Amino acid sequence: MHFTKILIASVVAALALIVLMLCWPFYSVPTGSRGVLTQFGAIKGIESEGLVIVPPWQKVNIFSIRAETADIDKASGSTSDTQPVDVDLTVRYSIMPDRVAEVYEKYSHNGDLASYVQTATQEVFKAVTAKYTAPDLIGKRSQVSTDILDMLKQKLEKYGAQVINIDMRNFAFSPSYMSAINEKVTQEQLRLGAENKLKTVESEQKQKVAIAEAEANALKARADGEAYATVKEATAKAEALRVQNAALAQNKDVLEQRRIEVEQTKADKWDGKLPTAIYAGAPIPFLNVGNKP
């Protein structure tokens with residue numbers, strides 16, 4: 001009898017615990033999530049993070065709005081010059097908080113839209129690469145990434161998702177095209193090397209020409225200086241002669257008078273004897289042969 005009572009009490013306690021668990025009205029919505037309240041499958045409301053009181057006939061479904069990641073390996077496309085290209089992409093996205101109910105109803109019960117993101121990214125990559133040539137796709141990688149991001153934002157908006165950012169890795173073209181690119185790069189490096197060498201030679205030649213011109217200018221300046229000095233000296237001498245000639249021209253009567261006086265002095269001092277030897281060009285004394293003593 002005592003054992004029967006204990007058994008009945010245990011069964012009643014177990015049933016009460018089960019009923020309590022089934023009817024427990026308190027739930028917690030984690031940070032970075034929303035609670036989707038459903039009643040027999042129909043959405044009745046969206047709860048924010050924290051404690052939620054839910055009646056037994058409703059259910060709380062935890063829906064993440066945190067950033068999620070979708071990896072797209074070997075997204076393929078073709079450039080405007082018909083070069084096939086592959087790339088690996090990583091897209092980070094999250095569900096818009098004000099569209100949780102729509103996404104839960106149409107696309108995902110937990111906020112995971114990776115399959116939609118992968119498909120949309122493949123389509124966007126094909127559309128963007130078709131606008132670029134292969135060289136531009138390499139040289140304008142930053143612009144290509146921006147174009148993909150902008151188009152992907154528009155495409156995923158209809159799924160209630162917002163794109164945070166994308167990462168592009170491992171651009172790969174066909175082996176033949178990559179070989180051609182490597183060859184072109186090699187030729188470009190050789191060309192640049194030749195141009196640099198030519199510039200060095202031209203610089204050296206210009207330096208030599210500059211030195212030669214400087215030396216020639218110095219010699220010319222020296223010669224010009226000497227010629228100028230010679231001209232100045234000749235001019236000075238000519239001016240001196242001109243002055244002397246002018247002076248002589250102005251005083252020729254005085255000079256003639258002086259010459260006569262000198263000759264008179266010589267005549268007064270002559271003793272009447274002729275020189276025994278007369279050298280060429282020597283003056284001959286005046287002879288007074290008209291008067292006798």
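The values are calculated or read from the model by the stated rules, or taken from the named source; none is laboratory data. As the structure is a prediction and not an experimental result, all values here were calculated from the model. Cβ coordinates were reconstructed from backbone atoms using ideal geometry, including for glycine residues, and neighbour counts include every protein chain displayed.
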### Scope the stretch 88-107; condition farther than 23 Å from Val144 by Cα, in contact (Cβ under 8 Å) with a residue 12 or more places away in the chain and not basic (Lys, Arg); matching residues
Ile95, Met96, Pro97, Val100, Ala101, Glu102, Val103, Tyr104, Glu105, Tyr107
### Message
Which condition from (1) surrounded by 14 or more Cβ atoms within 10 Å (Cβ to Cβ); (2) more than 37 Å from the chain's Cα centre (by Cα); (3) not basic (Lys, Arg); (4) not assigned by TED's automatic domain parsing to the domain that holds Arg34 is the one that Thr129 breaks?
### Response
(2)
### Subset of the stretch 38-67 (residues that are surrounded by 14 or more Cβ atoms within 10 Å (Cβ to Cβ) and farther than 15 Å from Tyr104 by Cβ)
Glu49, Val52, Val54
### Message
Name the residue that is farthest from Thr79 (Cα to Cα), counting only residues in the stretch 150-204 that are loosely packed, with under 12 Cβ neighbours inside 10 Å and among the hydroxyl-bearing types (Ser, Thr, Tyr).
### Response
Ser203
### Query
Has the stretch 61-77 got at least one residue that is in contact with a Leu (Cβ under 6 Å, 6 or more places away or on another chain), in the same structural domain as Ile138 (by TED's automatic domain parsing), closer than 30 Å to Val124 by Cβ and modelled with pLDDT under 90?
yes
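Within the group Val128, Val100, which residue is β-branched (Val, Ile, Thr) and touching a Lys or Arg at 6+ places or on another chain (Cβ under 8 Å)? Step through it out loud before you land on a result.
Working: Val128 fails: touching a Lys or Arg at 6+ places or on another chain (Cβ under 8 Å).
Sole residue among the options that is β-branched (Val, Ile, Thr) and touching a Lys or Arg at 6+ places or on another chain (Cβ under 8 Å): Val100.
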#### Entry: Subset of the stretch 133-183 [modelled with pLDDT of 90 or more, in a loop (DSSP other than H, G, I, E, B) and of a type outside the set (Ser, Thr, Tyr)]
Lys158, Gly160
### Query
Going by the structure shown, is Gly35 under 30 Å from Pro135 (Cβ atoms), surrounded by 10 or more Cβ atoms within 10 Å (Cβ to Cβ) and under 52 Å from the mean Cα position of the chain (by Cα)?
no
